[in-house]
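Just below is one structure, and these are the notes that go with it.
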Amino acid sequence: MEKRKIIMDCDPGIDDAIALAYAAAHPEAFELLAVTTVAGNQTIDIVTRNALDLSALYKLNVPVAAGMVEPIIREHHTASEFHGKNGLGDCTIPRADAEPEKEMAVFYIKRLLTELPEGEKVTLICTAPLTNIGLLLKIYPEVKSKIQEIILMGGAVAGGNVTASAEFNIYVDPEAAKIVFKSGLPIVMCGLDVTEKCALTRSQIQKLSQSQNNQIAKLCGDMAGYSLANGNKFRGQVSIHDAVPYMYLTHPEIFKVQKVVLDVDCSDGESAGRTIADFRWWMHEEEEENIAVMDADASKFQEYLIEAIYELGEKVK
Ligand code: RIB
Ligand code: CA
């Protein structure tokens, strides 16, 4: 695959943390220019501290810029019940001697994109509420020419996890999601339709946690183990939602996609935050078309994710 310049917009968050480990294990695929954070799974201070500490632990040492403290319009609700008070399943990692950039995420991304050499573009990989990206595109639409693609974990063609019809990242800030979906940029949506099945089993999680001489494997096992015990105890497996956009780029062959035109229900009713997936793509202009990732080979996902986690652990020893 072509090596891509990427910016990760995230809210670590257990699956964001594991997704970052996957990205860190694939420097041949990703040139990570920056990590930006947004209020989502936890408050902005917590997710930003986690991004700084994870970047140092994974020996990425990339700039981290803190983003929006709350959604554009709606009240922010965290997902503490799934990610714990510290956002990492109450697992502790060394505190990095690093602080976030002075500029807020929207302005940091805008400057980074503007300063890109002529002809170069960045892929935005978004695994959190789209508040930063929605505001970026609304305030600085000219940066679209510097964005190759937006690959996001969020939404669902059918179903939800916060309500019966809405997924967390879209539910938290549907207005931001609508701006992104209607931006005319190439969007790849990795929704619950595919991410729910991209999961680690109880025994795989236990094996990771038992890794005595691989600190990254133990950390990922312990974080996923928290999810297993909180909110997934009856499922016996934990979906690592946020790793899917990254694996879509490194292993597209394990995924099935469909053309779709995306929109979002921004009402206040019971379908608030629902992704509206219109598969009648032939009734829309080409620039309106997006991609929905609909299915994956779950065992290949598990194999590639676990392999990357152990590889990173070996690399950072
Ligand atoms: O619905 C799953 C998504 O919401 C993931 O990005 C998880 O980290 C949470 O942010
Ligand atoms: Ca996330």
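Values in this text are rule-based calculations from the coordinates and carry no lab data. Model, not experiment: these values are computed from the prediction. Every residue, glycine as well, gets a Cβ built from its backbone with ideal geometry; the counts of neighbours run over all protein chains shown.
A Förster radius of 22 Å combined with the Cβ-Cβ distance from VAL257 to GLU2 puts the calculated FRET efficiency at roughly 0.80. Taking label positions 7 Å along the Cα-Cβ direction at both GLU75 and GLU142, the computed distance is 3.9 nm, reported to one decimal.
Any chance you could check the Cα centroid distance between the stretch 82-126 and the stretch 1-54 for me, in angstrom? Using only Cα atoms to place each centre, the spacing works out to 7 Å. Evaluated at q = 0.14 Å⁻¹, the base-10 log of the normalised Debye intensity for the stretch 1-154, with identical point scatterers placed on the Cα atoms, takes the values -0.63. Report the antiparallel proportion of the DSSP beta bridges in the chain as a percent, rounded to a multiple of 5. Restricted to the chain, the bridges split so that about 35 percent are antiparallel. Per-residue ellipticity at 222 nm computed for the chain from its helices equals -10000 deg cm²/dmol, with DSSP H segments shorter than 4 residues left out and the rest contributing -39,500 (n - 2.57).
The Rg/Rh ratio for the stretch 1-85, using Cα coordinates for both the radius of gyration and the Kirkwood hydrodynamic radius, is 0.99. Annotation: extensible slack from SER299 through THR201 equals 34.2 nm (criterion: 0.36 nm per residue apart, minus Cα-Cα distance).
Calculate the dipole size of the stretch 153-241 relative to its Cα centre from +1 charges on Lys and Arg beta carbons and -1 charges on Asp and Glu beta carbons; express the result in debye to the nearest 20.
Here the size comes out at about 320 debye.
Each Cα pair under 8 Å and six or more residues apart adds its sequence gap; the mean of these over the residue count of the stretch 46-153 is a relative contact order of 29 percent. Averaging 1/r over every pair of different alpha carbons in the stretch 106-172 and inverting the result gives a Kirkwood radius of 13.1 Å.
Restricting to Cα atoms and excluding each atom paired with itself, what does the Kirkwood estimate give for the chain in Å? It would help to have the intermediate numbers written out before the result.
Numbers: mean 1/r = 0.0522 Å⁻¹.
By the Kirkwood definition, the hydrodynamic radius is 19.2 Å.
Its relative contact order, with pairs defined as Cα atoms under 8 Å and 6+ residues apart, puts the chain at 20 percent.
Relative contact order for the stretch 101-154: 47 percent, from Cα pairs under 8 Å spaced at least 6 residues apart, divided by residue count. Measuring between alpha carbons in the structure, the pairs from LYS207/LYS300; LYS256/LYS300; LYS59/LYS144; LYS138/LYS178; LYS5/LYS300; LYS102/LYS182 lying more than 20 angstrom apart are LYS59/LYS144; LYS5/LYS300; LYS102/LYS182. Note on the chain: with charges restricted to the Cβ of Lys and Arg (+1) and Asp and Glu (-1), its dipole about the Cα centre is near 680 debye. For the stretch 90-135, a/c is not less than 1.5, where a ≥ b ≥ c are the root eigenvalues of the C-alpha gyration tensor, and a/b tops b/c. That puts it in the prolate class.
What full-extension length gain, to one decimal in nm, is calculated for PHE279 and LYS315 as 0.36 nm per residue of separation minus the Cα-Cα distance?
Extending this stretch completely gives an extra 8.6 nm.
Assuming R0 = 51 Å, what is the FRET efficiency of GLU286 and ARG95, from their Cβ-Cβ distance, to the nearest 0.05? Calculated transfer efficiency: 0.60.
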